[in-house]
Structures are given as structure tokens and as C-alpha cells.
1. Considering B:21, B:113, B:5, B:100, which residue is closer than 26 Å to residue A:118 by Cβ and surrounded by fewer than 20 Cβ atoms within 10 Å (Cβ to Cβ)?
2. Within region B:59-117, count every residue that is of a type in the set (S, T, N, Q) and over 24 Å from residue A:120 (Cα atoms).
3. Just for helices (runs of 4 or more DSSP H) wholly inside region A:75-126: which have at least 2 residues that are within 7 Å of chain B (Cβ to nearest Cβ) and at pLDDT 90 or above?
4. Is it true that residue A:84 is surrounded by 14 or more Cβ atoms within 10 Å (Cβ to Cβ), in contact (Cβ under 8 Å) with a residue 60 or more places away in the chain and among the polar types (S, T, N, Q)?
5. Of all residues in region A:50-79, which are open to solvent by 60 Å² or more (accessible area, probe 1.4 Å), more than 16 Å from residue A:19 (Cβ to Cβ) and within 9 Å of DNA strand C (Cβ to nearest atom)?
6. Among the residues of region A:2-52, write down those that are touching a Leu at 6+ places or on another chain (Cβ under 7 Å) and not in a helix (DSSP H, G or I).
7. Can you confirm whether residue A:15 is more than 14 Å from DNA strand C (Cβ to nearest atom), under 19 Å from residue B:112 (Cβ atoms) and within 14 Å of chain B (Cβ to nearest Cβ)?
8. Residue B:38 versus (1) touching a residue at least 12 places away in the same chain (Cβ under 8 Å); (2) within 16 Å of the chain's Cα centre (by Cα); (3) open to solvent by 30 Å² or more (accessible area, probe 1.4 Å): which is the lone unmet condition?
Protein chains: 2
Amino acid sequence: MEIIIDIEDPVPLFAQVMEQIKKAVLSGKKNPGEPLPSIRQLANDLELNNKTVAKAYRLLERDGVIQARGYRGTFIHPDAKANSRVDLTAWVLEELNETIEALRVKDVTDSEIRIAFTNIMNNHVN
Amino acid sequence: MEIIIDIEDPVPLFAQVMEQIKKAVLSGKKNPGEPLPSIRQLANDLELNNKTVAKAYRLLERDGVIQARGYRGTFIHPDAKANSRVDLTAWVLEELNETIEALRVKDVTDSEIRIAFTNIMNNHVN
DNA sequence: ATATGTACCATGTATGATAAGGGTACATAT
DNA sequence: ATATGTACCCTTATCATACATGGTACATAT
């Protein structure tokens, strides 16, 4: 894997890993079924913490870009190419923005929106 | 006015002021047309900053609980009782919660939701 | 043994943003 | 003069959060 990590970059490390794996899929450098380096291996290569790479892998799996097969390792997802095009972040932004705009037109202040948001996020058990 | 402010309370000061004025209206301690202490007066009594009380008054006026008549002072709104029952906060909570729940069932993490939320609120000009 | 993903405990650090306060000023009226 | 609501300027302190890190452990397989 030719992944380059820039510690100076404001983009979080785990996000940089995600970006570059997605790019490798979209450009055809990595194809469905092909194996990825193990979490520990990649973390070692990039001089990152295991947890940082694990986080990237976890999110990539949720997004259908990769598949974790336990002790057998991690592989590119069959639908990786299509799923790499989906920008979940943008979608979340749209959904939230729609709701917030609806509140604002009713003269709900940003303060009040923030307070409500904080309440919701805090009274939640993960 | 028998307003009691608790600095230890995590509820923001301006919200505490709002709550108690609404309560006074609902309990009949304050009736439509009756005057409220001036912003500076109340701020002085409660040992709060003018701006904090002004914020509470501004929001209460938006909610139709009080009426500001410029140099003449501030008074209880004619429809204060009905409008005090409208819990805008609860409504905002519901609206937001609905959207957030929809995101969560799609395995969007709370972290991602928070990041998106912060983006939206910051790129907004009041 | 060695390696896989995964899960849990924990800490530190830095950033960002809120709420609150301080000050000053204005037009309006008594 | 004095008081009203309102609108700006700027500052500060506290808090919450994300990120990254460290360690340990487990079931599973080669």
C-alpha cells in the first residue's frame, strides 16, 4: 500500500487512511477480493497506533468499502467501487442541515438548537 | 419578582430567567399587562449582567410571553398564558431527535453527527 | 507460537465554541 | 437628568469534544 500520512495535515489521521484506501479502490489499484494489510501491519508501516488504523478499518467496513473476515484478514468489499463513491459525510450534513434550517425559519436561535442537540447526544446510551 | 438564580445549575442563566418568568405567568403570579422589572433593574437584583437578562427578555418576547414597549418598559403579553404553555424547547428537541435517530439507525456514529452539526452551526451568519 | 479482528480499560492534549461579562452608545421618552 | 430597550464592540473562562495513544485481553484460526 502506498499510503502517505501527513501529521501536519489538519485532516485526522484515521480519515487520511480512509481517503487513501478509497482512492486506491476508485483508481483500480485495489480491486474487490484483494487483501489489505492487517491493522497491526499497517499501523506499524505508517507509524500509527493500532487503534487509529482500526478506527479507519471499522468505518470503511461500515461504509461497505472493505470486509473484515476475522482471523483471515481484511479484504476489499465486492461493491467497494460503488460504495467508495458514496459520501456519507455529505449526506449526514444534508440531513441535519435540512432540519436545522426548518428550525431557524421559526426563529429558533442557534443557542437553543445547540442546547437541544447537546441534550439529545448526552442522554444517549451507546 | 421572586426569581432565584443558581449559578451551580448547569442550565444557562438566561434560560433560568426564562423558566421562572414563564412559571410566574402560568401560576398567575404575573398577569397580562403587568409590568416587569427593567432589564437593568432585574440584572442588578439578580446580580447578573445586563446582556444576560436582555437575552432572556428577547427570547421571551419572541415567544409571545412578554412585550417590550421601548422606553415604556416591558410587560406581560396579552396571550402570555397560552404562549407560556407552548414549549418551544420540547418541540425543537423532537424535531432534532427525529433526524438524529434516522442517522443513528444508519450506523452513523455520534462523532460524525457532532462534527456535521458543528460544521453547520459554524458556517452560519446570524 | 503467531497472527487475525475486536473489545474494553485508560490517559493526555489541543482545539474550538459557549456563556457570560464589561463597556459604550443610540433614540426615545418622562 | 433619568430611564427605557436595543445594538454594537471586545474579552475571558470554562467546558466539551475529537484525536491519538497505551495496555491488556479474547476467540479464532494457521
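1. Step by step, each of B:21, B:113, B:5, B:100 is checked, and only B:5 is closer than 26 Å to residue A:118 by Cβ and surrounded by fewer than 20 Cβ atoms within 10 Å (Cβ to Cβ).
2. Qualifying residue count for the region: 3.
3. A:88-104, A:110-122
4. Considered against the rule, which asks whether it is surrounded by 14 or more Cβ atoms within 10 Å (Cβ to Cβ), in contact (Cβ under 8 Å) with a residue 60 or more places away in the chain and among the polar types (S, T, N, Q), residue A:84 comes out as yes.
5. Across region A:50-79, the qualifying residues are A:50, A:51, A:69, A:70, A:71, A:72.
6. A:3, A:5, A:48, listed by residue number.
7. yes
8. Result: residue B:38 fails condition (2) only.
The values are calculated or read from the model by the stated rules, or taken from the named source; none is laboratory data. In this text the structure is predicted, and so the values were computed from the model without any measurement. Positions of Cβ are backbone-derived with ideal geometry, glycine not excepted, and every protein chain shown enters the neighbour counts. When the accessible area is computed, the model is the full protein with side chains, heavy atoms only, and any ligands, DNA or RNA have been set aside. Shrake-Rupley method; radii C 1.70, N 1.55, O 1.52, S 1.80 Å.
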